[in-house]
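Chemist: Take this structure, written in C-alpha coordinates, and hold onto it; I'll ask about it next.
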Amino acid sequence: YDAYVTGVAFLGMEASGQALETLRNTCYMMRSIFALRLDGEDEVFEKGCVWHLSDFPAEFATSDILGLFSALKCHLRWINDTSAFAVFPDGSDDAVRSALAGKPIGEMGTVPLAKYLEMEKEREKEAKEKAEREIREAAERAAEKATAEKTEKKEIG
(Lines give C-alpha, C1' and ligand atoms only; values in the text may rest on other atoms or scores of the structure.)
Protein backbone atom coordinates (compact mmCIF):
# COMPACT_ATOMS: atom_id res chain seq x y z
CA TYR A 1 0.00 0.00 0.00
CA ASP A 2 2.87 2.42 0.82
CA ALA A 3 4.33 2.01 -2.67
CA TYR A 4 0.90 2.59 -4.22
CA VAL A 5 0.34 5.80 -2.23
CA THR A 6 3.87 6.99 -3.07
CA GLY A 7 3.16 6.39 -6.75
CA VAL A 8 -0.12 8.27 -6.57
CA ALA A 9 1.59 11.17 -4.78
CA PHE A 10 4.32 11.36 -7.43
CA LEU A 11 1.80 11.19 -10.27
CA GLY A 12 -0.14 14.01 -8.62
CA MET A 13 2.98 16.15 -8.32
CA GLU A 14 3.92 15.42 -11.94
CA ALA A 15 0.44 16.31 -13.16
CA SER A 16 0.42 19.57 -11.19
CA GLY A 17 3.73 20.61 -12.74
CA GLN A 18 5.81 20.39 -9.57
CA ALA A 19 9.47 19.83 -10.33
CA LEU A 20 10.40 16.22 -9.69
CA GLU A 21 13.73 16.62 -11.46
CA THR A 22 15.32 17.82 -8.23
CA LEU A 23 14.44 14.50 -6.58
CA ARG A 24 15.72 12.27 -9.39
CA ASN A 25 18.56 9.95 -8.24
CA THR A 26 18.17 11.13 -4.64
CA CYS A 27 17.73 8.83 -1.64
CA TYR A 28 16.45 10.34 1.58
CA MET A 29 18.58 9.02 4.44
CA MET A 30 16.38 8.79 7.51
CA ARG A 31 18.00 10.26 10.63
CA SER A 32 20.67 11.99 8.56
CA ILE A 33 21.01 15.58 7.48
CA PHE A 34 22.20 14.43 4.07
CA ALA A 35 20.41 13.13 1.01
CA LEU A 36 22.36 10.50 -0.88
CA ARG A 37 22.83 11.58 -4.49
CA LEU A 38 23.36 8.64 -6.84
CA ASP A 39 24.57 10.94 -9.60
CA GLY A 40 26.98 13.24 -7.77
CA GLU A 41 27.87 14.92 -4.49
CA ASP A 42 25.62 14.21 -1.50
CA GLU A 43 23.73 17.27 -0.42
CA VAL A 44 22.50 18.66 2.88
CA PHE A 45 18.85 17.77 3.03
CA GLU A 46 18.07 19.24 6.43
CA LYS A 47 16.96 22.85 6.35
CA GLY A 48 17.96 25.28 9.05
CA CYS A 49 21.03 26.19 11.03
CA VAL A 50 23.03 22.97 11.54
CA TRP A 51 25.88 22.52 14.03
CA HIS A 52 28.10 19.50 14.54
CA LEU A 53 28.56 18.55 18.20
CA SER A 54 31.31 16.11 19.13
CA ASP A 55 33.40 14.63 21.92
CA PHE A 56 30.73 14.80 24.58
CA PRO A 57 30.45 11.94 27.10
CA ALA A 58 28.84 8.76 25.75
CA GLU A 59 26.50 8.84 28.75
CA PHE A 60 24.86 12.02 27.45
CA ALA A 61 21.25 11.58 26.46
CA THR A 62 19.25 13.67 24.03
CA SER A 63 17.80 15.62 26.95
CA ASP A 64 21.30 16.53 28.21
CA ILE A 65 22.26 18.07 24.88
CA LEU A 66 18.92 19.76 24.33
CA GLY A 67 19.34 21.23 27.83
CA LEU A 68 22.35 23.17 26.55
CA PHE A 69 20.02 24.90 24.10
CA SER A 70 16.90 25.15 26.27
CA ALA A 71 16.09 28.64 24.99
CA LEU A 72 16.21 27.49 21.36
CA LYS A 73 14.06 25.17 19.31
CA CYS A 74 16.36 22.30 18.33
CA HIS A 75 16.37 18.66 17.27
CA LEU A 76 19.24 16.21 17.04
CA ARG A 77 20.45 13.84 14.35
CA TRP A 78 22.70 11.38 16.16
CA ILE A 79 25.86 10.16 14.41
CA ASN A 80 27.20 7.92 17.18
CA ASP A 81 27.43 7.90 21.00
CA THR A 82 29.65 10.97 21.16
CA SER A 83 28.60 13.13 18.20
CA ALA A 84 25.45 14.50 16.65
CA PHE A 85 24.12 17.22 14.39
CA ALA A 86 21.95 19.81 16.14
CA VAL A 87 19.43 21.46 13.83
CA PHE A 88 18.05 24.88 14.70
CA PRO A 89 15.69 27.20 12.81
CA ASP A 90 17.26 29.29 10.04
CA GLY A 91 19.12 32.37 11.23
CA SER A 92 19.92 30.95 14.67
CA ASP A 93 23.73 31.08 14.39
CA ASP A 94 24.18 34.00 16.77
CA ALA A 95 21.73 32.56 19.30
CA VAL A 96 23.55 29.19 19.19
CA ARG A 97 26.90 30.91 19.73
CA SER A 98 25.43 32.81 22.70
CA ALA A 99 23.97 29.63 24.17
CA LEU A 100 27.30 27.82 23.84
CA ALA A 101 29.28 30.72 25.32
CA GLY A 102 27.42 30.54 28.60
CA LYS A 103 27.60 26.76 29.07
CA PRO A 104 30.30 24.64 30.64
CA ILE A 105 30.71 22.12 27.80
CA GLY A 106 34.17 20.85 28.71
CA GLU A 107 35.89 19.12 25.82
CA MET A 108 32.81 19.08 23.60
CA GLY A 109 33.51 20.33 20.08
CA THR A 110 30.96 22.56 18.39
CA VAL A 111 31.27 23.81 14.83
CA PRO A 112 28.80 25.07 12.23
CA LEU A 113 28.01 22.61 9.45
CA ALA A 114 30.00 24.51 6.79
CA LYS A 115 33.15 24.34 8.94
CA TYR A 116 32.52 20.66 9.71
CA LEU A 117 32.21 19.85 5.99
CA GLU A 118 35.47 21.71 5.28
CA MET A 119 37.20 19.73 8.03
CA GLU A 120 35.83 16.45 6.65
CA LYS A 121 37.03 17.26 3.13
CA GLU A 122 40.49 18.05 4.55
CA ARG A 123 40.50 14.74 6.48
CA GLU A 124 39.49 12.86 3.33
CA LYS A 125 42.23 14.60 1.35
CA GLU A 126 44.84 13.75 4.00
CA ALA A 127 43.68 10.12 4.15
CA LYS A 128 43.87 9.83 0.36
CA GLU A 129 47.37 11.35 0.31
CA LYS A 130 48.49 8.99 3.08
CA ALA A 131 47.12 5.95 1.23
CA GLU A 132 48.81 7.05 -2.01
CA ARG A 133 52.10 7.59 -0.15
CA GLU A 134 51.88 4.16 1.48
CA ILE A 135 51.18 2.52 -1.89
CA ARG A 136 54.10 4.35 -3.47
CA GLU A 137 56.43 3.33 -0.62
CA ALA A 138 55.27 -0.31 -0.81
CA ALA A 139 55.92 -0.31 -4.57
CA GLU A 140 59.39 1.14 -4.02
CA ARG A 141 60.17 -1.52 -1.39
CA ALA A 142 58.93 -4.24 -3.74
CA ALA A 143 61.09 -2.87 -6.57
CA GLU A 144 64.14 -2.71 -4.28
CA LYS A 145 63.51 -6.28 -3.13
CA ALA A 146 63.16 -7.49 -6.73
CA THR A 147 66.39 -5.69 -7.69
CA ALA A 148 68.20 -7.22 -4.70
CA GLU A 149 66.94 -10.70 -5.63
CA LYS A 150 68.11 -10.27 -9.24
CA THR A 151 71.51 -9.11 -8.06
CA GLU A 152 71.73 -12.06 -5.66
CA LYS A 153 70.83 -14.52 -8.44
CA LYS A 154 73.48 -13.04 -10.72
CA GLU A 155 76.09 -13.34 -7.98
CA ILE A 156 75.12 -16.96 -7.30
CA GLY A 157 74.78 -17.90 -10.97
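Chemist: By how many degrees, 0 to 90 and rounded to 10, does the Cα axis of helix 113-156 deviate from the longest principal axis of the chain?
Modeler: 10 degrees
Chemist: A further question on this structure: Per residue, how much accessible area does the stretch 47-157 have with a 1.4 Å probe, in Å²?
Modeler: Numbers: 7810 Å² over 111 residues.
For the stretch 47-157, the per-residue accessible area is 70 Å².
Chemist: Determine by what factor the alpha-carbon radius of gyration of the stretch 49-125 differs from 2.2 N^0.38 Å, reporting the quotient. Spell out each step's value before the answer.
Modeler: Working: Rg = 12.1 Å, N = 77, 2.2 N^0.38 = 11.5 Å.
Expressed relative to 2.2 N^0.38 Å, the Cα Rg reads 1.06.
Chemist: Here's something else I'd like to know. Hey, got a sec? Which trypsin sites (Lys or Arg not before Pro) in the stretch 54-157 land in a DSSP loop and have at most 16 other Cβ atoms within 10 Å? List each step's numbers first, then the result.
Modeler: Values: sites: LYS73, ARG77, ARG97, LYS115, LYS121, ARG123, LYS125, LYS128, LYS130, ARG133, ARG136, ARG141, LYS145, LYS150, LYS153, LYS154; in loops: LYS73.
Taking the stretch 54-157 and a limit of 16 other Cβ atoms within 10 Å, the loop trypsin sites (Lys or Arg not before Pro) found are LYS73.
Chemist: If packing is taken as the average count of other Cβ atoms within 10 Å, what order do 26-37, 47-58 fall into, highest mean first?
Modeler: Working: 26-37: 13.3, 47-58: 16.8.
Answer by packing, highest mean first, reads 47-58, 26-37.
Chemist: Can you give the FRET efficiency for VAL111 and ARG136, using 1/(1 + (r/R0)^6), R0 = 30 Å, r = Cβ-Cβ distance, to the nearest 0.05?
Modeler: 0.35
Chemist: Further question on the same structure: With axes computed from alpha carbons, what is the tilt in degrees of helix 2-15 against the longest principal axis of the chain, rounded to the nearest 10 within 0 to 90?
Modeler: 80 degrees
Chemist: Something else about it: Taking the chain, how many lysine pairs are there with alpha carbons less than 17 Å apart, if each pair must be eight or more places apart or span two chains? Mind dumping the intermediate values first?
Modeler: On the way: LYS47/LYS73; LYS47/LYS115; LYS73/LYS103; LYS115/LYS125; LYS121/LYS130; LYS145/LYS153; LYS145/LYS154.
Summing the qualifying lysine pairs gives 7.
Chemist: A further question on this structure: Roughly what percent of Cα-Cα pairs across the chain reach past 18 Å? List each step's numbers first, then the result.
Modeler: Working: 8924 of 12246 pairs.
When every Cα pair of the chain is considered, 73 percent fall beyond 18 Å.
Chemist: Roughly how many percent of the accessible protein surface of the chain is carbon and sulfur, given a 1.4 Å probe and a whole-percent answer? Mind showing how you got there, number by number?
Modeler: Numbers: 6250 of 11510 Å².
In the chain, the share of accessible area belonging to carbon and sulfur is 54 percent.
The values are calculated or read from the model by the stated rules, or taken from the named source; none is laboratory data. Since the model is a prediction, treat every value here as computed from it, not as a measurement. Cβ atoms come from the backbone with ideal geometry, glycine included; neighbour counts cover every protein chain shown. We work out accessible area using only protein heavy atoms, side chains counted, and drop any ligands, DNA or RNA first. Shrake-Rupley method; radii C 1.70, N 1.55, O 1.52, S 1.80 Å.
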